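This report refers to the structure that appears directly beneath it.
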Amino acid sequence: MDIKEQIHELSEEMLNNLGRLVAIDSQLGTPAEGMPFGEGPAKCLAYMLKVCEDMGFRTKNVDNYMGWAEIGEGDEMVAILGHLDVVP
């Protein structure tokens with residue numbers, strides 16, 4: 001199966017995940033124990049890392065400051081930098 005077919009096959013799941021992700025109020029909130037940017041951003045990060053885990057990625061949550069998801073092995077890497085919080 002080529003990449004276009006894989007994307008098409010997963011499109012409904014991707015749209016559902018995106019809908020659930022953007023429904024989380026991830027604006028900067030009041031810092032709390034273990035949530036340096038507030039509850040919303042911590043929930044958003046946890047949700048996205050769970051989605052990645054469910055897809056087979058290895059994930060890491062760095063004290064709710066940031067996280068990453070990786071898959072595969074080898075000396076070469078492709079990285080995509082992004083953020084999940086929103087600004088009003």
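The values are calculated or read from the model by the stated rules, or taken from the named source; none is laboratory data. In this text the structure is predicted, and so the values were computed from the model without any measurement. So basically every Cβ, Gly included, is an ideal-geometry build from the backbone, and we count neighbours across all protein chains shown. Surface accessibility is based on the protein's heavy atoms, side chains included, excluding ligands, DNA and RNA. Shrake-Rupley method; radii C 1.70, N 1.55, O 1.52, S 1.80 Å.
Can you give the relative contact order of the range 34-74 as a percent, counting alpha carbon pairs under 8 Å and 6+ residues apart? Provide the component values of the computation, followed by the final result.
Working: 44 pairs, mean separation 15.8, N = 41.
Result for the range 34-74 is 38 percent.
Under the rule a/c < 1.5 gives rounded, and otherwise a/b versus b/c splits prolate from oblate, where does the range 40-86 land using the Cα gyration tensor?
Numbers: a/c = 2.28, a/b = 1.68, b/c = 1.36.
Taking the square roots of the gyration eigenvalues as a ≥ b ≥ c, the range 40-86 is prolate.
Measure nothing fancy, just the Cα-based angle from helix 3-22's long axis to the longest principal axis of the chain, in degrees from 0 to 90, nearest 10.
10
So which chymotrypsin sites (Phe, Trp or Tyr not before Pro) in the range 12-88 end up in coil per DSSP with only 15 or fewer other C-beta atoms within 10 Å? Can you show the working numbers first?
Numbers: sites: PHE37, TYR47, PHE57, TYR65, TRP68; in loops: PHE37, PHE57, TYR65.
Passing both the DSSP loop test and the Cβ count: PHE57, TYR65.
Please compute the length gained on full extension between GLU76 and ASN16, using 0.36 nm multiplied by the number of residues separating them and subtracting their Cα-Cα distance.
Values: separation 60, 0.36 × 60 = 21.60 nm, distance 3.12 nm.
Full extension from GLU76 to ASN16 adds 18.5 nm.
If one takes the longest principal axis of the Cα atoms in the chain, at what angle in degrees, from 0 to 90 and to the nearest 10, does the Cα axis of helix 39-54 lie?
It is inclined by approximately 20 degrees.
Counting GluC sites (Glu not before Pro) as exposed when in a DSSP loop with at most 16 other beta carbons within 10 Å, what is the longest stretch of the chain free of them? All intermediate terms of the calculation are to be shown ahead of the outcome.
Numbers: sites that count: GLU33, GLU73, GLU76.
So the longest stretch without any such site is 34-72.
Please give the net charge around CYS44, taking every other residue with its beta carbon less than 9 angstrom from that of CYS44, where Lys and Arg add +1 and Asp and Glu add -1. Show your work: numbers first, answer last.
Values: positive: LYS43; negative: ASP25, ASP85.
Once all neighbours under 9 Å are counted, the net charge is -1.
Kindly identify the range 21-65 as rounded, prolate or oblate by the Cα gyration tensor criterion: order the square roots of the eigenvalues as a ≥ b ≥ c, call it rounded if a/c is under 1.5, otherwise compare a/b with b/c, prolate if a/b is larger, else oblate.
Oblate shape, in that a/c is at least 1.5 and b/c is the bigger or equal ratio.
At 1.4 Å probe size, put LEU84, LEU18, LEU45, LEU28 in order of accessible surface, largest to smallest. Don't skip to the end; give the middle numbers.
Details: LEU84 65, LEU18 90, LEU45 20, LEU28 135 Å².
Descending accessible area places them as LEU28, LEU18, LEU84, LEU45.
From the alpha carbon gyration tensor of the chain, can you work out the equivalent ellipsoid semi-axes (sqrt of 5 times each eigenvalue) and give them in Å, largest to smallest?
On the way: eigenvalues 135, 60, 21 Å².
Gyration-tensor ellipsoid for the chain: 26, 17, 10 Å.
Quick check: pseudo-label points 7 Å beyond the Cα along Cα→Cβ at MET55 and ASP2, how many nm apart are they?
2.1
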